[in-house]
Amino acid sequence: MRYSINFTPPAHDPLTLAAAQWLGRHAFSGGAFDHPALRGLSLHDIAFNTALPRRSGFHGCLRPTFRLAPGTTEQELLRELMRFAGKQRTFTLPQLEVVRIGTQFALAPVIPSQDMHLLAGAVVTEFERFRLPMPDDEMERADPGNLSAGQFANMLRWGDPYLMDEFRFHMMLTGPLAQADLGRFETALRNYFTPILSDPVEVTNLALFVEEEPGAPLTVHSLHPLGRVSARRTA
C-alpha cells in the first residue's frame with residue numbers, strides 16, 4: 001500500500017467531473033467515464049495519451065506517493081492528517097489555465113500561489129515521519145544524474161526532487177505527447193476546460209490517495225477539510 005497527500009476539488013465539483021470525463025476515470029469512485037467527443041481528437045487519441053494521469057486520478061500533488069515507515073499505521077496517518085488540516089486555513093487559487101510542461105499538459109494557476117506553496121511545504125515536513133525512505137535501488141532507477149543540485153538534494157532529503165523550492169503546483173491532464181500532437185491537444189484542452197475554469201477553485205480540503213498495490217489506480221481514500229469545524233460553520 002502506498003499513500004499520497006494531494007489537493008483535488010470535491011467529488012461532484014464541476015471541475016472534478018470535467019476532468020474525470022477527460023481522463024476517463026473518477027478518482028473518488030474509480031468508475032470509468034466516456035471520453036468527450038472533441039474536434040481534432042479521436043477517442044483513441046485521448047484514451048492513449050491520458051493513460052498516466054488516468055491511473056493517478058485528477059489531483060495536484062503535495063506529498064508524492066510513499067510507503068508507511070515502520071512503527072506508523074494508516075490510522076495514525078489519518079488522525080494526524082485530520083489534526084493538521086484542521087489547523088490550516090482555506091484559500092482560493094489564482095485562476096487555472098491549461099499549461100504545457102515539457103511535452104505534457106496540465107492545469108496550473110496563471111500566477112504562482114504562495115498559499116499553495118506554503119501548504120505543500122508544510123505537508124512535506126509534517127508527514128515526513130510517516131514516509132519509508134527510498135531504497136538505494138529505487139533511487140538509482142529515478143535517474144538522479146539528470147537532476148539539478150537542488151532537485152538532487154530534495155531527492156536525498158525528502159524522497160522526491162520536485163518539492164520545497166522546486167515545487168510547482170499543477171494538475172496533470174496528459175502523459176508525454178509526440179511533438180506532432182502538441183498543437184491539436186492544446187487547442188482541444190483549451191476549448192474543453194476554459195469555460196469551466198472561469199469559476200474560482202477553492203482549496204478547502206486535503207485528500208489522502210491510496211495505491212492498493214504497485215501499478216494499481218490511485219483513488220481518494222478520504223477528504224480532510226481545512227480549518228476548524230466551528231470556523232467553517234460561521235464562514
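Evaluate the following for V99: is it aliphatic (A, V, I, L, M) and farther than 21 Å from V220 by Cβ?
Considered against the rule, which asks whether it is aliphatic (A, V, I, L, M) and farther than 21 Å from V220 by Cβ, V99 comes out as yes.
Can you confirm whether F66 is surrounded by 14 or more Cβ atoms within 10 Å (Cβ to Cβ), under 14 Å from A207 (Cα atoms), touching a strand residue (DSSP E or B) at 6+ places or on another chain (Cβ under 9 Å) and aromatic (F, W, Y)? Against the criterion (surrounded by 14 or more Cβ atoms within 10 Å (Cβ to Cβ), under 14 Å from A207 (Cα atoms), touching a strand residue (DSSP E or B) at 6+ places or on another chain (Cβ under 9 Å) and aromatic (F, W, Y)), F66 does not qualify. Within this structure, G57 passes the test of being among the small types (G, A, S), at pLDDT 95 or above and on the phi > 0 side of the Ramachandran plot.
Can you name every residue in segment 70-98 that is surrounded by 14 or more Cβ atoms within 10 Å (Cβ to Cβ) and either more than 18 Å from N6 (Cβ to Cβ) or not hydrophobic (A, V, I, L, M, F, W, C) (or both)?
T72, E74, E80, G86, Q88, T90, P94, E97, V98
Would you say G102 is surrounded by fewer than 20 Cβ atoms within 10 Å (Cβ to Cβ) and either without any contact (Cβ under 8 Å) to a residue 40 or more places away in the chain or of a type outside the set (F, W, Y) (or both)? Let's see the steps before the verdict.
Details: surrounded by fewer than 20 Cβ atoms within 10 Å (Cβ to Cβ): yes; either without any contact (Cβ under 8 Å) to a residue 40 or more places away in the chain or of a type outside the set (F, W, Y) (or both): yes.
Yes.
Taken residue by residue, segment 64-80 has at least one member that is within 19 Å of the chain's Cα centre (by Cα), touching a residue at least 24 places away in the same chain (Cβ under 8 Å) and assigned to a loop (DSSP other than H, G, I, E, B).
Name the residue that is nearest to R39 (Cα to Cα), counting only residues in segment 1-26 that are part of a loop (DSSP other than H, G, I, E, B) and over 13 Å from the mean Cα position of the chain (by Cα). Taking the candidates together, the pick is G24.
Being of a type in the set (D, E, K, R) and either in a helix (DSSP H, G or I) or in contact with a Gly (Cβ under 9 Å, 6 or more places away or on another chain) (or both) is the filter here, so list the residues in segment 163-187 that pass it.
Once the filter is applied, which keeps residues that are of a type in the set (D, E, K, R) and either in a helix (DSSP H, G or I) or in contact with a Gly (Cβ under 9 Å, 6 or more places away or on another chain) (or both), segment 163-187 yields D165, E166, D181, R184, E186.
For Q88, the conditions (1) in a helix (DSSP H, G or I); (2) in contact (Cβ under 8 Å) with a residue 24 or more places away in the chain all hold with the exception of (1).
Quick grid of which residues meet (1) in a helix (DSSP H, G or I); (2) of a type outside the set (F, W, Y); (3) closer than 16 Å to A188 by Cα:
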position	(1), (2), (3)
F28	no, no, no
H44	yes, yes, yes
F48	yes, no, yes
L52	yes, yes, no
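Please determine, by comparing only the residues of segment 105-115 that are out of contact with any strand residue (DSSP E or B) (no Cβ under 7 Å at 6 or more places or on another chain) and within 17 Å of Y162 (Cβ to Cβ), which one is surrounded by the most Cβ atoms within 10 Å (Cβ to Cβ). Spell out the reasoning first.
To start, the set of residues in segment 105-115 that are out of contact with any strand residue (DSSP E or B) (no Cβ under 7 Å at 6 or more places or on another chain) comprises 111-114.
Pick out the ones that are also within 17 Å of Y162 (Cβ to Cβ) and you get 112-113.
Working: P112: 13, S113: 20.
The extreme case among them is S113.
A residue that is surrounded by 16 or more Cβ atoms within 10 Å (Cβ to Cβ), at pLDDT below 95, within 30 Å of F185 (Cα to Cα) and of a type outside the set (S, T, Y) cannot be found anywhere in segment 128-138.
The values are calculated or read from the model by the stated rules, or taken from the named source; none is laboratory data. Given the structure is predicted, the values throughout are model-derived calculations rather than measurements. Methodologically, a virtual Cβ is constructed for each residue, glycine included, from the backbone with ideal geometry; neighbour enumeration extends over all protein chains shown.
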